[in-house]
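First up is the structure itself, then whatever we jot down about it.
The values are calculated or read from the model by the stated rules, or taken from the named source; none is laboratory data. Note that the structure is a prediction, hence the values are computed from the model and not measured. For neighbour counting, all protein chains shown are included, and Cβ atoms are generated from backbone atoms with ideal geometry for every residue, glycine included. Note: areas computed on protein heavy atoms with side chains; ligands, DNA, RNA excluded. Shrake-Rupley method; radii C 1.70, N 1.55, O 1.52, S 1.80 Å.
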Amino acid sequence: MTAVTRSERPVFFDLSTRVKLRVTGGDAFRFLNGQVTNNLAKASASAAIQASILNAKGKLCAHIFLSKENDETFLLDADAELREELPVRLDRYIIADDVQIEDVTDKFSIFHFLDQAAPTLSGPTRTIAANRFGAAGWDVWSASDAAREIRRQSADDFDFCDEICAEVRRIEEGIPRWGHELTGEIIPIEANLEESAIDYAKGCYIGQEVVSRMKMSGQRNKSLCGLVSLSGVSLQSGVRLFSEADPEKEIGWITSATRSARLEKEIALGYVKRGYNSEGNRLKAAGNPVQVTALPFV
């Protein structure tokens, strides 16, 4: 991410709507490590890791952040849309394990602070290093009834980035989101999650064979790319992409779009098929010219 200049104040986000699960028990570590694409040993009480949860075909069931409370207790959070599905997906693989899954969504708030240094807040909070927007940041967990006070204290040193602001920043940084870039039809490597969420040296997990085979072959049928409108026309999520040379050939689709004030451009994220996703390639979206660009945009 572009460094914050001296004229800018750092920002914070309210992520409290995300589903939050507490996983406990003597087998919690072994069980979770067999479900996620990253190495759970990297998670700690002071730092969260990203990971994906897959099905046997290597496609996404969820993308999560994981941290550790103690040797037998882990906290994870995911997009609010997954509140019903995620516990069911995890519970399906608990056979004779000493593992309990508790939905603590309503008990806790999560605020994310995008700054090099952790925020200084009074009151009972838990601060965890986390990279959610392509740069070093901090998650602050607090009791849900303390959220108002956290926001009040934070306003002294940080600007609040609301849902619209957060969406623009996410797209500018090329960060995939559940329900947009991340769905049950996507393999995490296609969504550029390889570096942040996959550990190829760890033990087995559901869907590992597909992910490892893709890694070895180096082949992706499609990749998440940045797109810039060359005509200045706004781009729209869901619009199909076509080859400029062959207007009848569909080669992808737009997943998220916005106007970037920092770039003064209409930009989007989208999946583009292999052979058409090289940086600089020109495509058509609803008849308008767009160009493939590297991520992040800024």
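Overview of results
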| read-out | value |
| --- | --- |
| Contact order normalised by residue count of region 221-261, Cα under 8 Å, 6+ apart, percent | 35 |
| 19 Å cut-off, amide nitrogen to a point 7 angstrom out along GLU72 Cα→Cβ, residues in region 13-31 | 22-31 |
| GLU185 accessible area, 1.4 Å probe, all protein chains in place, Å² to nearest 10 | 120 |
| Area accessible to solvent at ILE206, 1.4 Å probe radius, in Å² | 40 |
| Inter-probe distance in nm under a simple model that places probes 7 Å from Cα toward Cβ, at ALA155 and LYS249 | 5.5 |
| Nonlocal Lys pairs with alpha-carbon distance under 15 Å, the chain (8 or more apart, or different chains) | 13 |
| List SER256, SER196, ordered by accessible area with a 1.4 Å probe, largest first | SER196, SER256 |
| Accessible area of region 8-62 belonging to carbon and sulfur atoms, whole % at 1.4 Å probe | 52 |
| Dipole of the chain [Lys/Arg +1, Asp/Glu -1 at C-beta], most positive-end residue of GLY179, PHE65, THR125 | GLY179 |
| HIS63 - accessible surface, heavy atoms, 1.4 Å probe, Å² rounded to 10 | 20 |
| Per residue, in Å², the accessible surface of region 118-180 once ligands and nucleic acids are set aside, probe 1.4 Å | 49 |
| Within region 5-85: Cβ-based charge dipole about Cα centre, in debye rounded to nearest 20 (Lys, Arg +1; Asp, Glu -1) | 260 |
| Choice from ARG282, ARG148, ARG83 with maximal GNM fluctuation in the chain (Cα, 10 Å cutoff) | ARG148 |
| Fully extended contour minus Cα-Cα distance, from ARG240 to ILE94, at 0.36 nm per residue | 48.5 nm |
| Accessible surface, 1.4 Å probe, highest first, among residues ASP139, ASP156, ASP27 | ASP156, ASP27, ASP139 |
| Share of carbon and sulfur in the accessible heavy-atom surface of region 92-206 [1.4 Å probe, %] | 52 |
| Once the Cα gyration tensor of region 137-185 is diagonalised, semi-axes √(5λ) in Å | 27, 15, 9 |
| Where labels lie 7 Å past Cα in the beta-carbon direction, separation of GLU194 and ALA136 in nm | 2.7 |
| LEU230-GLU185 FRET efficiency (beta carbon distance; Förster radius 35 Å; 0.05 resolution) | 0.75 |
| Equivalent ellipsoid semi-axes - Cα gyration tensor, region 181-257, angstrom | 30, 14, 10 |
| Isolated Cys in the chain, by beta carbon distance under 4.7 Å | CYS61, CYS204, CYS225 |
| Zero-based 10 Å bins, Cα pair distances in region 240-285, whole percents | 27, 51, 20, 2 |
| In Å, descending, principal axis extents of the Cα set of the chain | 58, 48, 30 |
| ASP27-LYS57 FRET efficiency (beta carbon distance; Förster radius 25 Å; 0.05 resolution) | 0.45 |
